[in-house]
Amino acid sequence: MAYEMILAEIQGRVGVITLNRPKALNALCDQLMTELGEALRAYDADPAVGAIVVTGSEKAFAAGADIKEMKDRDFPAVYFDDFIGKRWEDVLRIQKPVIAAVAGFALGGGCELAMMCDLILAADNAKFGQPEINLGIIPGAGGSQRLTRAIGKSKAMEMILTARMMDAAEAERANLVARVVPVADLLPEALKMGEKIASLSAPSVAMAKEAVNAAFETTLTDGVRLERRLFHSLFATEDQKEGMAAFAEKRKPAFRHR
Ligand code: CAA
């Protein structure tokens, strides 16, 4: 598959997708989002890949949905196209862990895309924001919900109502990101994390991701029930036998489903 607006390359056992529309600061136009969805699905289906990294440039992870592309759209156009939902939510259907490696601007849809990934690793120059209010709109790809769940009501309200950006240090304090690293180390650190995940048993990795993400979708009782069932089901895998036998025998496990 030839892509025009992204780069896709497997490094070790990690599928790396780089948003690559530098002249528009990786504004997330329809074509870019379609290509991103295709690349994510391809890596999800590829047994050579155990984890996926989505990244941008040093200046911008993504500066949001493409304002120039959407500025003349009217209500029926966005409504019947299910604008945002249709092309943007592919990342939510990927079973392998997706790490957002964010440097520079992650604004509007860029911040929302990062939050749709399973975790965010931030460079020290990252800036997160939901500045849609400046355009006479509100976040449309889950920002009002995911940002609020990640950082709490007051901070989310402030960012969404005033368009204030949050730098990487504040994003780490607010639990929006897992970790902050120097910008030069961003991709190496994301790859290291991806390799670690890819070295583990794929069913347990996929189910761990499913269980954690369920915490955002359901009640505590239902979430714990789901966790318990997934936990039980892993006892049907050879990797569980291997992982536990290796511990008892004081050796490294050789997981089969990787
Ligand atoms: N859409 C389209 N083009 C964009 C863009 C966007 N979201 N963000 C930047 N660009 C373009 C600029 O128009 C400019 O193009 P030209 O050279 O052709 O003029 C180019 O990228 C470089 O941008 P700037 O000259 O503005 O760069 P800067 O360094 O001065 O400023 C910035 C950087 C602060 C990120 C600024 O570009 C900016 O404010 N961008 C818009 C951010 C924004 O409002 N995002 C929310 C979009 S709406 C949304 O995402 C809805 C949703 O919930 C899904």
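Odds and ends about this structure:
- Among the criteria (1) within 16 Å of the ligand (Cβ to nearest atom); (2) in contact with a Phe, Trp or Tyr (Cβ under 9 Å, 6 or more places away or on another chain); (3) in a helix (DSSP H, G or I), the one Trp88 does not fulfil is (2).
- Leading residue by the ranking (most open to solvent (accessible area, probe 1.4 Å)) among those in region 25-67 that are under 14 Å from Ile94 (Cα atoms) and charged (D, E, K, R): Arg41
- A search for C-beta distances below 7 Å between a residue of region 120-146 that is open to solvent by less than 10 Å² (accessible area, probe 1.4 Å) and any residue that is among the acidic types (Asp, Glu) and within 6 Å of the ligand (Cβ to nearest atom), counting only pairs 6+ apart in sequence or on different chains, returns Ala141/Glu112; Gly143/Glu112.
- Only one of the listed residues (Lys68, Lys96) is out of contact with any Cys (no Cβ under 9 Å at 6 or more places or on another chain) and modelled with pLDDT of 95 or more. That residue is Lys96.
- Restricting region 156-181 to residues that are surrounded by fewer than 19 Cβ atoms within 10 Å (Cβ to Cβ) and assigned to a helix (DSSP H, G or I) leaves a set whose member that is nearest to the chain's Cα centre (by Cα) is Glu172.
- Glu38 vs. criteria over 15 Å from Glu112 (Cα atoms), within 12 Å of the ligand (Cβ to nearest atom) and in a helix (DSSP H, G or I): no
- Verdict on Gly110 being surrounded by 15 or more Cβ atoms within 10 Å (Cβ to Cβ), in a helix (DSSP H, G or I), touching a residue at least 24 places away in the same chain (Cβ under 8 Å) and near the ligand (Cβ under 9 Å from one of its atoms): yes
- Looking across region 204-241 at every residue that is of a type in the set (D, E, K, R) and open to solvent by less than 40 Å² (accessible area, probe 1.4 Å), the one that is farthest from Cys117 (Cα to Cα) is identified as Asp239.
- Residue within region 69-83 that is within 12 Å of the ligand (Cβ to nearest atom), open to solvent by 90 Å² or more (accessible area, probe 1.4 Å) and either touching a helix residue (DSSP H, G or I) at 6+ places or on another chain (Cβ under 6 Å) or not in a strand (DSSP E or B) (or both) present: yes
- Matching residues in region 5-35 - criterion: being within 16 Å of the ligand (Cβ to nearest atom) and outside any loop (DSSP other than H, G, I, E, B): Leu19, Pro22, Lys23, Ala24, Leu28, Asp30, Gln31, Leu32, Met33, Thr34
The values are calculated or read from the model by the stated rules, or taken from the named source; none is laboratory data. Owing to the predicted nature of the structure, the values given are computational and were not obtained by experimental measurement. Ideal geometry is used to build each Cβ from the backbone, glycine not excepted, and the neighbour counts take in all protein chains shown. Only protein heavy atoms, including side chains, enter the accessible area calculation; ligands, DNA and RNA are left aside. Shrake-Rupley method; radii C 1.70, N 1.55, O 1.52, S 1.80 Å.
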